[in-house]
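Visitor: Before I ask anything, let me first share the structure, which is written out below as structure tokens.
Here, each number is a calculation from the coordinates, and none is a lab measurement. For clarity, every value in this text was computed on a predicted model and none was experimentally measured. Using ideal geometry, Cβ is built from the backbone for each residue, glycine included, and neighbour counts are taken over all protein chains shown.
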């Protein structure tokens, strides 16, 4: 597919949804192992789903993963490890996450309340930053859009990192989001669902078609 923006489809819980994303040539496909999330799956389910995702595109998504648990996840076959964390709690684990999976495989998603500056120190530990919209008590999958212009400024200031734009993206707003944020990589989830964890193939196809038209 001819498009300049890469796409990660996140929150996969069903085989048919994964097959649809693979057919559409998604650049990354995320499976959530954070139990409180409505899109989480068990380790056993993740193991059965991951074989349908091409190697190089398998992304594990979790929240503030204990280091010993992250070590166990290494054996599941994921290529990247996207870890969401609260700034008040996650600092102490950054170095351990880095050692366990390596800088190139670690995608960090710091949870930053409105009005607070982006913690540039986080950049020392990872290759990729996933920026999502802040929501009290939630780590991603909020369905809310973020400040796209602010994303653009962060990306311009730190071009040595990959920046992934997340938060409420769908076929109706993705063009404007890309224009304002100047992102090269987006993360879609709730905007292509019929309900949490259940992707809508029509919405997925519409989003990819919108991107191919750009």
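Visitor: What are the extents of the Cα atoms of the chain along their three principal axes, listed from largest to smallest and rounded to whole Å?
Guide: Largest to smallest, the principal-axis extents are 42, 40, 30 Å.
Visitor: If the viscosity is 1.306 mPa s and the temperature 10 °C, what translational diffusion coefficient in µm²/s does Stokes-Einstein give for the range 43-141 when Rh comes from Kirkwood over Cα pairs?
Guide: Working: Rh = 14.1 Å.
The diffusion coefficient I find is 113 µm²/s.
Visitor: Still on this structure: Just order 90-98, 163-171, 180-188 by mean Cβ neighbour count inside 10 Å, highest at the front, would you?
Guide: The packing order, highest mean first, is 163-171, 180-188, 90-98.
Visitor: As a test, work out the antiparallel percent of DSSP beta bridges whose residues both lie in the range 6-187, rounded to the nearest 5.
Guide: 5
Visitor: Another question about this same structure. Given contacts defined as C-alpha pairs under 8 Å and at least six residues apart, what's the relative contact order of the range 152-209, whole-number percent?
Guide: That works out to 34 percent.
Visitor: Hey, another quick one. If packing is taken as the average number of other Cβ atoms within 10 Å across a peptide's residues, how do 57-64, 82-89, 10-17 rank, most packed first?
Guide: Order by mean packing, descending: 57-64, 10-17, 82-89.
Visitor: Which value at 222 nm does the chain reach when only helices count, each DSSP H run of 4 or more adding -39,500 (n - 2.57), with the total divided by all residues and rounded to the nearest 500 deg cm²/dmol?
Guide: -8000 deg cm²/dmol, from helical runs alone.
Visitor: Could I ask something else about it? Tell me the relative contact order for the range 6-187 as a rounded percent, counting alpha carbon contacts under 8 Å between residues six or more apart.
Guide: Relative contact order for the range 6-187 comes out at 16 percent.
Visitor: If N is the number of residues in the range 34-74, what value comes out of its Cα radius of gyration divided by 2.2 N^0.38 Å? Could you put the intermediate results ahead of the total?
Guide: On the way: Rg = 10.8 Å, N = 41, 2.2 N^0.38 = 9.0 Å.
The reported ratio for this selection is 1.19.
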